[in-house]
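Trainee: What follows is a single structure, and I will ask about it in a moment.
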Amino acid sequence: MAISTRKNEGLSIRETAKQFRIGPASVSRWINQIESKASTTRQRKIDKSELIKDVEQYPDAYQKERAERFGVCQKAIWQALKKLGLTYKKNSTSSESRRKRPAGISKKNNSMKKKANLLFLLMKVVFHTMPHGLTLFPKRSTVFWPEELGS
């Protein structure tokens, strides 16, 4: 309506904007976009049976890859998978991060656990043999470590 009024009355962009109480940038934009833009057709719904087949055929595929196959965005795949109750794998025992763990770490942790257990046992014996009410170690006490645990 603003564009036709501008044309019929021969108004400038500013005068038209003032008359319709809108910004001059809006009038200018409307003049440049008189022709309606062609709408793109896109798939609105994902066929759930096809999505299930795709998940079965490509179980390790990323959502982005599925989106390209279905011609939709990644978020649409995420929403469809969520509605179907399908989730990605979590805490896999065969993950690369678990396979690449250095072997020396577990051995070191085991030796530390042995030392901690022995220390706990010694403390338990010392506190058990001490009279009630005393909570400190004697000033001079000697603790002997077995050779296999090291120092």
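Trainee: Any idea how far apart ILE52 and SER28 come out in nm if each label point goes 7 Å out from Cα toward Cβ?
Mentor: 5.6 nm
Trainee: Mind listing the phi-derived Karplus ³J(HN,Hα) values for region 62-79, rounded to whole Hz, using 6.51, -1.76 and 1.60 with θ = phi - 60°, and x for any glycine or proline?
Mentor: For region 62-79, the Karplus-derived couplings read 7, 4, 4, 5, 4, 4, 5, 5, 8, x, 10, 7, 4, 5, 5, 5, 4, 5 Hz, x marking Gly and Pro.
Every number here is computed from the coordinates shown, using simple stated rules; none is lab data. Quick caveat: nothing in here was measured; it's all calculated off a predicted structure. Heads up, the Cβs are rebuilt from the backbone with ideal geometry, glycines too, and the neighbour counts pull from every protein chain shown.
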